[in-house]
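First up is the structure itself, then whatever we jot down about it.
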Amino acid sequence: MKKNGYHIFSYAASNKAAKAFLLLALSYLLIGLLFGVLGGMQYILPDFLKDRLSFQKTRPLHVYLVISWIFTAAQAGIYYYLPVVSKRSIYWPNGIWLHFAMQCINSLIIITGFFAGYFGGREYLEFPPLLGAFIFLSWIPFAINFFATLKPNYKTAPVYVWMWSTGILFFFITLSESYLWLFDFFRNNIVRDITVQWKALGSMVGSWNMLVYGTGIYIMEQMSGNEKTARSPLSFFFYFLGLTNLMFNWGHHTYIVPAAPWVKTVAYSISMTELLLFGYIIIQWKKTLTVARKNYHELPYRFLSFADIWIFLNLALAIIISVPAWNSFTHGTHVTVAHAMGATIGINTMLLMASVFFIMKKENAFAFQQHKKWISRGSYITNISLLLFWSSLLASGIIKISGIQHNETFYYIMQKSQPYFQMFAYSGVFIFLGLGILIVTSYKIAARKRHPDPVIVSNPIAVSTATIIDING
Amino acid sequence: MKILIFLALFVTYIIYSVVVYTRGTENNLAFSQTEWEQINHGKLLFQQYNCTACHQLYGLGGYLGPELTTAYSDVHRGESYIKAFLKNGGIRMPNFHFSEEDIKALISYLKYVDAAAITYKKDQLQ
């Protein structure tokens with residue numbers, strides 16, 4: 001609603017729901033990390049929970065929960081930022097709660113199913129078709145709220161609106177595509193079946209990345225107060241390159257699948273580019289950020305800087321594993337896991353933690369200030385442990401490559417890798433500790449009575465308690 | 001302009017998806033009706049027991065156990081080796097107490113996967 005040159009809207013209701021999503025996302029991460037630690041321990045203690053909670057269960061629990069953390073935290077941020085970006089109240093406040101309830105029910109069914117030994121038997125979000133349909137339905141209130149609140153004008157919209165829209169659209173497309181195996185044409189042909197899994201899920205990861213990177217770029221804009229970054233031709237060039245990657249680069253995982261060879265050439269050509277450009281944008285953004293703003297947003301800024309480091313490390317690794325001649329060595333080893341962990345913890349989780357603490361600071365600056373030291377400690381413990389974790393995965397991958405070249409047995413390779421598996425399992429415990437500190441601190445800040453942010457800056461979003469946004473100001 | 005680029009990419013993506021699934025993925029393997037039934041039963045078991053949590057097929061799956069794409073024709077592994085693990089489990093692999101029929105079905109499935117892995121074997125030879 002617009003009155004006397006002012007946009008008047010309320011975001012109290014949607015902020016409350018966004019916070020609920022944020023806490024749900026953090027809970028996914030905490031439990032997901034716990035199963036990750038248990039799974040890691042099973043590498044070094046083969047009998048550990050072997051019959052009660054074997055890797056057959058800990059891995060899907062870990063994967064499902066950590067993936068849920070990524071998209072739920074991104075959704076929480078979008079719900080929180082949406083009224084400010086659109087200058088409108090959220091279109092369907094009850095829809096957020098409907099989404100929340102459906103997601104909780106879904107998660108409970110999936111987690112109980114895994115414990116009871118019911119699996120889809122495929123990778124990532126691959127569940128029996130009914131559950132898949134329920135996941136699809138649970139995203140509909142989110143999509144309705146996003147598009148109906150924002151009513152995006154794509155001619156003038158900033159790049160993060162494009163990224164969020166693309167992330168939502170492609171989530172629906174790729175989730176549906178991942179169920180193509182229901183048709184005999186795919187189910188009765190192993191090559192097509194595997195291609196569906198790689199293609200649909202590879203692009204689905206791209207759709208979450210769009211949500212996460214969009215969130216990252218949005219908070220960069222808010223922290224710098226510079227609207228140009230998110231509207232520059234370079235940002236759009238990056239976006240379209242990212243979109244091209246989402247659509248076509250999944251093939252770099254499938255060099256060994258006997259599908260058409262040109263798919264691999266396309267994938268290789270495209271997969272070299274995306275992360276480098278994102279890193280470039282962050283560097284450009286840092287240049288535009290003043291010292292005062294860096295200090296004001298010190299902790300979110302630090303998480304973005306950590307993400308920046310991980311982008312470069314992961315880029316180097318992505319290039320190595322995408323070169324066909326090298327892919328034949330790295331494929332099937334922990335080098336690929338290192339790439340996945342660097343991307344999910346180093347890049348996505350750091351970007352999402354920047355968003356979490358950006359919101360926490362807006363919501364309760366006083367409590368945030370009181371817990372600043374713990375957030376700082378958590379961020380350092382996580383990143384130092386992740387570096388050890390990542391290096392140990394690379395080292396065990398290299399041992400496997402060497403073992404395969406020398407025709408060594410799988411058992412012997414596993415024995416030789418033990419020191420690195422130990423390093424990987426114990427550093428995993430420290431990642432759990434570091435992220436655990438961040439999660440518990442977030443819970444504490446969220447539980448405290450709300451205090452308005454005492455610092456008012458020129459950028460409208462800093463006025464956290466306002467219900468009126470001055471568009472002329 | 002931005003909308004046009006998006007639409008152009010989207011249309012290319014749709015065409016690309018159709019071509020990826022229909023060209024170069026033909027299955028020319030010959031198995032009898034009974035063998036196909038066993039293969040499908042084996043595939044179902046592979047999924048029900050979530051074997052992919054520890055084992056990979058064409059690079060898809062976990063790393064706690066060995067890659068199984070070419071386990072059937074591997075000179076160091078082969079049918080007896082697979083059978084032994086399916087019967088008794090391993091250091092990290094639980095004993096799932098498979099029946100003889102289930103073991104046969106799982107081996108048939110792995111034999112089929114192996115037969116389809118033309119590119120993989122070529123890659124290993126290089």
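Since every read-out is calculated from the coordinates, none of them should be taken as a lab result. All values reported here derive from a predicted model rather than from experimental measurement. All Cβ positions, glycine included, derive from the backbone under ideal geometry; neighbour counts span all protein chains shown.
Take the Cα gyration tensor of region A:103-222, multiply each eigenvalue by 5, square-root it, and list the three semi-axes largest first, rounded to whole angstrom.
On the way: eigenvalues 177, 61, 33 Å².
In descending order the semi-axes read 30, 17, 13 Å.
Using the Kirkwood formula on the Cα atoms of region A:316-436, what hydrodynamic radius do you get, in angstrom to one decimal?
Values: mean 1/r = 0.0624 Å⁻¹.
Taking the inverse mean of 1/r over all distinct Cα pairs, region A:316-436 comes out at 16.0 Å.
Taken over region A:1-131, lysine pairs spaced eight or more positions apart, or on distinct chains, with alpha carbons under 28 Å apart number 7. Going toward the positive end of the dipole of the protein assembly as shown, with +1 on Lys and Arg Cβ and -1 on Asp and Glu Cβ, which of A:Leu53, B:Phe46, A:Ala307 do you reach last? In the protein assembly as shown, that residue is A:Ala307.
What FRET efficiency would be calculated for the residue pair B:Asn95, A:Phe237, taking the C-beta separation as r and a Förster radius of 56 Å, to the nearest 0.05?
Details: r = 55 Å, r/R0 = 0.99.
Approximately 0.50, to the nearest 0.05.
Counts of other chain beta carbons within 10 angstrom of each beta carbon in peptide A:128-136 average 0.
Of the trypsin sites (Lys or Arg not before Pro) found in region A:1-110, those that fall in a DSSP loop while having at most 14 other beta-carbon atoms within 10 Å are A:Arg52. Working from the Cα coordinates of region A:24-183, the gyration tensor eigenvalues give, after taking √(5λ), semi-axes of 33, 17, 14 Å in decreasing order.
At a 10 Å Cβ-Cβ cut-off, how would you order B:Arg23, A:Arg377, fewest neighbours first? Mind showing how you got there, number by number?
Details: B:Arg23 12, A:Arg377 15.
Listed from fewest to most nearby Cβ atoms, that is B:Arg23, A:Arg377.
Kindly state, to the nearest 0.05, the FRET efficiency for A:Asp184 paired with B:Asn88, given R0 = 30 Å and r defined as their beta-carbon distance.
Values: r = 35 Å, r/R0 = 1.17.
Efficiency for this residue pair is about 0.30.
Exposure proxy check: A:Lys361, A:Lys151 ranked by fewest other beta carbons within 10 Å? Show your work: numbers first, answer last.
Values: A:Lys361 25, A:Lys151 9.
In increasing order of surrounding Cβ atoms, one gets A:Lys151, A:Lys361.
Based on Cα contacts under 8 Å between residues 6+ apart, region A:289-444 shows a relative contact order of 29 percent.
Each Lys and Arg Cβ is given +1 and each Asp and Glu Cβ -1; about its Cα centre, region B:1-96 then shows a dipole of about 300 debye. When you have a sec, figure out the Kirkwood radius of the protein assembly as shown from all distinct Cα pair distances and drop it here in Å to one decimal? Kirkwood radius, the protein assembly as shown: 25.0 Å. Relative to the longest principal axis of the Cα atoms of chain B, the long axis of helix B:78-88 lies at roughly 70 degrees.
Can you pull the mean other chain C-beta count within 10 Å for peptide A:49-58?
Counting Cβ atoms of other protein chains within 10 Å of each residue's Cβ and averaging gives 5.
Quick check: net charge around A:Pro93, other residues with Cβ under 14 Å of its Cβ, Lys/Arg +1 and Asp/Glu -1?
Numbers: positive: A:Lys16, A:Lys19, A:Arg88; negative: none.
Residues close to A:Pro93 contribute a combined charge of +3.
This model, with +1 at the C-beta of Lys and Arg and -1 at the C-beta of Asp and Glu, gives the protein assembly as shown a dipole about its Cα centre of some 2100 debye.
In whole Å, what three semi-axes, largest first, describe the equivalent ellipsoid of region A:93-146 built from its Cα gyration tensor (square root of 5 times each eigenvalue)?
On the way: eigenvalues 111, 28, 9 Å².
They are 24, 12, 7 Å, listed largest first.
Among A:Arg192, A:Arg448, a tally of other beta-carbon atoms within 10 Å of each Cβ gives an order, fewest to most, of A:Arg448, A:Arg192.
The simple spin-label model puts a point 7 Å past each Cα toward its Cβ; for B:Tyr81 and B:Gln47 those points are separated by 2.8 nm.
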